Amino acid sequence: MKPRQKLITCPYCFARVARERVAFRCVGRAGHGTGCDPRADEVLGRHWGGAAPSLPPVFSVRRPGRRAPCPDCGRETGWRACPECHSRLPAEYCANPGKIVALVGAKGSGKSTYIAVLLHELMNRVGAELDASLIPCDDRTIERYRRDFARPLYGERRLLSTTQPAVTDLRRDPLVYLLTRTVRGRIRSRTESLTLVLFDTAGEDLRSRDVTERHLRYLAAADAVIFLVDPLELPGARAALSGTALARSGSLEDAPDSDPVNVIGRVTELLRHRDGGRLRIPVAVALSKIDALRPALERQSALHRARTPLGALDLDDREAVDEQVRALMDEWQAGMVDRYLRQNYTDHAFFGLSALGAVPEADAVGAGGIRPYRVEDPLLWLLYRFKMLDGVRR
């Protein structure tokens, strides 16, 4: 019997490729030395939906290692490439197990803001707590985070625009990061790494099977899913709102994708193509914008407590928050979400978070600035599920 080939999922086209099929790209000509001249890469051009870029050629080898000689010019190269789309694969991604986290939610649920704040917290406060570093794996990730997330939200203090549908934004790139943390044991410490691939999905992307098949292949390759649910769109929650939050609620009442069950149902239908029975992929369901509802919650509610930084997952706190959010979903006439997930998934959990920490003012961050609340909770739970984070009881 042949041993099973180890597969790598390309973080750009989401094709599953055997490690033995990973390709290389020639480094090209250096000055007046030898090397291949650039040529039109039609494969890469088709993938990104634009003109074919002029680059040195991609080639395959029988037994790929860390480096390989170009068969045309003989120069050694360490630039690895996906054989399906010709995107450059970061060396770290090939060396460490990648985890693709799909972020899905209805229009207006706060997906882009959530990504911006989560990454900022991982680079700073949460990263320090976990003794972890978060490093972008490619230039596209660096540019997209700076242009689409950090500059408008943290630099200009303005709210992020709604994620554009895949049919109008073919070049929307995933964000690919290497997350590395030091795990301290009783005898010695060890370093663990994984590649985190984040891709946000516009609610409109899930409306038809054709669009899903063409533009959301990454869902079929996901190792975990985070569903963001806007509680301001749940009819039962509006009685707890007042002021600006009440004025912002119900804006998508007639939109079919404002119902979280519709969004989760479409994703589940797609995932059915890869797994039978109840799906084993971990699912985090997070109520975003919970700051608007906290004043109406009972004082003893778990959602009034900030998470204690322990460098591990507090299992008692996790269970208390999960129980509280399930109860709120029932109270707000959204209990069917929990029932549907129990019927279709083996592992799911509920969260309440706020990326901004307060209701924004028109199109700008509130006067108190960005004060995230429990924004990291879903990812900490997933790291625990991925065995990269310990769980403790106090």
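The values are calculated or read from the model by the stated rules, or taken from the named source; none is laboratory data. A quick note: this is a predicted structure, and the numbers were derived from the prediction, not measured. Glycine gets a Cβ as well: all are built from the backbone with ideal geometry, and neighbour counts include every protein chain shown. Protein only, heavy atoms only, side chains kept; ligands, DNA and RNA dropped before computing areas. Shrake-Rupley method; radii C 1.70, N 1.55, O 1.52, S 1.80 Å.
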Which of the residues belonging to region 258-282 are farther than 15 Å from residue 232 by Cβ and at pLDDT below 75? 273, 274, 275, 276
What are the residues in region 57-80 that are under 22 Å from residue 31 (Cβ atoms) and either of a type in the set (Lys, Arg) or under 30 Å from the mean Cα position of the chain (by Cα) (or both), if any? 67, 75, 78, 79
Given (1) open to solvent by 70 Å² or more (accessible area, probe 1.4 Å); (2) within 28 Å of residue 183 (Cβ to Cβ); (3) in contact with an Asp or Glu (Cβ under 7 Å, 6 or more places away or on another chain), number of the condition residue 115 does not satisfy: (1)
When region 16-42 is examined, which residues are found to be open to solvent by 70 Å² or more (accessible area, probe 1.4 Å), out of contact with any strand residue (DSSP E or B) (no Cβ under 6 Å at 6 or more places or on another chain) and not in a helix (DSSP H, G or I)? 29, 32, 34, 37, 39
Regarding region 345-356, can at least one residue be identified that is farther than 30 Å from residue 184 by Cβ, open to solvent by less than 10 Å² (accessible area, probe 1.4 Å), aliphatic (A, V, I, L, M) and under 25 Å from the mean Cα position of the chain (by Cα)? no
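Could you say whether any residue in region 43-56 is within 23 Å of the chain's Cα centre (by Cα), surrounded by 17 or more Cβ atoms within 10 Å (Cβ to Cβ) and of a type in the set (A, V, I, L, M, F, W, C)?
yes
Given the residues 132, 95, which is the only one that is open to solvent by 40 Å² or more (accessible area, probe 1.4 Å), farther than 21 Å from residue 283 by Cβ and at pLDDT below 95?
Working: 132 fails: open to solvent by 40 Å² or more (accessible area, probe 1.4 Å).
It is 95.
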Scan region 156-166 and tell me whether some residue there is at pLDDT 85 or above and out of contact with any Pro (no Cβ under 9 Å at 6 or more places or on another chain). yes
Within region 3-15, which residues are of a type outside the set (S, T, N, Q), open to solvent by 60 Å² or more (accessible area, probe 1.4 Å) and either over 24 Å from residue 221 (Cα atoms) or touching a residue at least 12 places away in the same chain (Cβ under 8 Å) (or both)? 6, 7
Count of region 285-299 residues which are among the small types (Gly, Ala, Ser), under 18 Å from residue 350 (Cα atoms) and in a helix (DSSP H, G or I): 1
